[in-house]
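To start, the structure under review is shown below, and the notes come after it.
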Amino acid sequence: MALTKKGSRLITVDGVVYRWRVRGRPTYAQALCQQPLTLAVERADCKGSMLLVSMPQDHPSNWLGGPAVPALPSTVAAVVRKALADGWRSDRTAAAFHVTATPDS
């Protein structure tokens, strides 16, 4: 499934253009701060594998007032580089590739 253009942002990492998006409304578990913020990344120019990233912070729209740190483009770029180093092939159709971001990535 491809990311919708509405609500997504473009980012260029090492000369390749990617589209990334954070879910607008939190899931029930994210709203209760039981699961972290997640974001999805895919190549913008071709159909390929989706990257699903678990971020080290709560969703900004959580119901409990947990700390809401936004997902910054610099963090997304660092996570994409880490995923590529870990074997994510963004240009090949495959199952979603899961990665967990650390506070320092």
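The values are calculated or read from the model by the stated rules, or taken from the named source; none is laboratory data. This one's a predicted model, so the numbers in the text were calculated from it and none came from an experiment. All Cβ positions, even for glycine, are placed from backbone atoms using ideal geometry, and neighbour counts span all protein chains on display.
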Counting only residues that are in contact (Cβ under 8 Å) with a residue 60 or more places away in the chain and more than 16 Å from residue 75 (Cβ to Cβ), how many does region 15-33 have? 1
Among the numbered criteria (1) in a loop (DSSP other than H, G, I, E, B); (2) surrounded by fewer than 17 Cβ atoms within 10 Å (Cβ to Cβ), which single criterion is violated by residue 78? (1)
Where residues in region 10-36 are surrounded by 14 or more Cβ atoms within 10 Å (Cβ to Cβ) and assigned to a strand (DSSP E or B), which of them is modelled with the lowest pLDDT? 22
Determine whether region 15-28 contains at least one residue that is in contact with a helix residue (DSSP H, G or I) (Cβ under 8 Å, 6 or more places away or on another chain), among the aliphatic types (A, V, I, L, M) and within 20 Å of residue 80 (Cα to Cα). no
The conditions are (1) within 14 Å of the chain's Cα centre (by Cα); (2) surrounded by 14 or more Cβ atoms within 10 Å (Cβ to Cβ), and residue 48 fails exactly one of them. Which is it? (1)
